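The values are calculated or read from the model by the stated rules, or taken from the named source; none is laboratory data. None of these values were measured; they are calculated from a predicted model. Heads up, the Cβs are rebuilt from the backbone with ideal geometry, glycines too, and the neighbour counts pull from every protein chain shown. Note: areas computed on protein heavy atoms with side chains; ligands, DNA, RNA excluded. Shrake-Rupley method; radii C 1.70, N 1.55, O 1.52, S 1.80 Å.
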Amino acid sequence: MPVLTVIGAQWGDEGKGKIVHYLSQGADWVVRYQGGDNAGHTVVIGGESFALHLVPSGILFSRPRNAIGNGVVVNPSALQGEVRMLEGRGIRVRGRLFVSLRAHVILPYHIALDRVREGGCDAIGTTLKGIGPCYEDKVARRGVRVADFLEPETFRELMCAAFSAHSAELGRLSVARLKRETLAAYPGLRRFLEPFCADTGWLLAQALSTKRRVLMESAQGAMLDLDHGTYPFVTSSNPISGGACVGAGLPPTAIDAVLGVVKAYTTRVGLGPFPTEMPERLAGRIREKGREYGATTGRPRRIGWLDLPQLRSAIRVSGIGRLALTKLDTLSGTDPIRACTAYRWKGRLLYDFPASRRAQREARPVYRDMPGFSGDLSSCRSFADLPGAARRYVRWLESELRCPVIIVSVGASHEQTFRRSDGSLWG
Ligand code: IMP
């Protein structure tokens, strides 16, 4: 059963969209299994840039079918906007995109709740897309699933119950306005969504029984995982590979291989611990060179050095067997290149990412400096084309992490990606 899961091994924005798109040439299905339109996957094809938020990156190739699994939270209005954008640019979506009947629906009140909470002192810097409040309703067993959204009576009942549950936080005037807005948009959104809806778990089981290749596309990254990330500064789902089974309806035995996408340095958006964050003077240069601004919110990303304890944790938790290294070109001109090999906390050395909030805040990175490289890497088309110092950096990383780097990316477009081995990627 060839299932390859691609996950972000840092705090998101590692370039997963580009790598998934690169791999989806050989896939029959591409599946999103968690998150929602908080994700921003940028894919550049022939100089044209596509920013995808909900639709799997496989939609940009003609072959794969694409599924939005039950673990995703779907904002129908955002999905409609994305489908219109893709169709307007000549991409065929209908008949190739399937939305799980079990996925939960983000409604305008979820976005309003996200705003209210982010306005208070417990803000964590969310994308304000209503992701957390929607997952909260799911866990509280009062959420609206796609199947419920399609049934007008059920939808109305569930929506009224949810509004009563949240009325104190939203305020009476807000509730009345949100109810009106939601009901006014409902018929059109229901009509739009219905043709895409399916039992995606069943479709995937059929595909696997006939040996089709399935690519699982994670959103966000390992350190934003609700259980294994920098809690509470995390998203509300499980981007780690284990999330793929729950979020797509596949058994754990179906996953053959996990590929981790790692940026040659580290970024994060929003608040929260970031032990290897760089001083702004250097961060600003890398941010501009790497265009490190959120694809969803436009926020400037925080920039840090590569963090091996963090990556070791991500590799362990997700069973990552191979890595794709992105944005190596952005590091060109930075000398020396630093990487954190351990943290020092309370007189001890830590080689794994600590669980305690205090340790995450207070641990000091132990750095190793390596010679930098210069020149324009964006025209390199093989490992041998890279400057010697860049090749040494990649080899050093592989030996420290005990994980081979099998794909290297040196630019935004599809052509600026190369493999280091010819073996199958599918397990
Ligand atoms: P939420 O997912 O909007 O609730 O935001 C929770 C945290 O995850 C915040 O720190 C966001 O900045 C971060 N986050 C959510 N989606 C992404 C993403 O696609 N890339 C990077 N960070 C993200």
Could you work out the relative contact order of the chain? I mean the mean sequence separation of Cα pairs under 8 Å and 6+ apart, divided by the number of residues, in percent. 21 percent
Rounded to whole angstrom, the alpha-carbon centroid of the stretch 103-148 lies from that of the stretch 197-241 at a distance of 19 Å
Return one quarter of the surface area of the convex hull spanned by the alpha-carbon atoms of the stretch 262-419, equal to its mean projected area, in nm². 9.5 nm²
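Give me the percent of DSSP beta bridges within the chain that run antiparallel, rounded to the nearest 5. Show your work: numbers first, answer last.
Numbers: 24 of 60 bridges.
Percentage antiparallel, nearest 5: 40.
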Note, Gly15: beta-carbon cut-off 12 Å, +1 each Lys/Arg, -1 each Asp/Glu, net +1
Note down the net charge around Val30, summing +1 for each Lys or Arg and -1 for each Asp or Glu among other residues with Cβ under 11 Å from its Cβ. +3
Exposed loop sites here are trypsin sites (Lys or Arg not before Pro) in DSSP loop states with at most 13 other C-beta atoms within 10 Å. What is the longest stretch of the chain lacking them? 1-88
For Arg322, residues with placed amide H under 5 Å, excluding near neighbours: Val258, Gly260
By what distance, in whole Å, do the Cα atoms of the chain stretch along each of the three principal axes, largest value first? 65, 49, 38
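Once whole DSSP H runs in the chain are found, which of them have Cα atoms spread over 24 Å or more along the helix axis and a mean Kyte-Doolittle score of at least 1.6?
Working: long enough: 152-170 (26 Å, 0.14); 172-193 (30 Å, -0.15).
Sorted by number, there is nothing, because no helix extends far enough and scores high enough.
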At R0 = 41 Å the Cβ-Cβ FRET efficiency linking Ala176 and Ala198, nearest 0.05, sits at 0.70
Gain on full stretching of the segment that runs from Ser378 to Thr253 - 0.36 nm per residue minus C-alpha separation: 41.1 nm
Picking from Ala283, Pro336, Gly319, whose Cα lies most toward the positive end of the charge dipole for the stretch 263-404 (charges on Cβ: Lys, Arg +1; Asp, Glu -1)? Gly319
Cubic angstrom per residue, convex hull over Cα atoms of the stretch 362-401: 108 Å³
Considering only protein heavy atoms, what per residue accessible area in square angstrom results for the chain with a 1.4 angstrom probe? 40 Å²
Magnitude of the Cβ-charge dipole (Lys and Arg +1, Asp and Glu -1) of the stretch 104-193 about the Cα centre, nearest 20 debye, reported as 220 debye
Express the Stokes-Einstein translational diffusion coefficient of the stretch 104-193 in µm² s⁻¹, to the nearest whole number, given a Kirkwood radius over alpha-carbon pairs, 25 °C and a viscosity of 0.890 mPa s. 183 µm²/s
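To the nearest 20 Debye, how big is the dipole of the chain about its Cα centre, given +1 on the beta carbon of each Lys and Arg and -1 on that of each Asp and Glu? Don't skip to the answer; put the middle values down first.
Details: 58 positive and 40 negative charges, 74 e Å.
Rounded to the nearest 20 debye, it is 360 debye.
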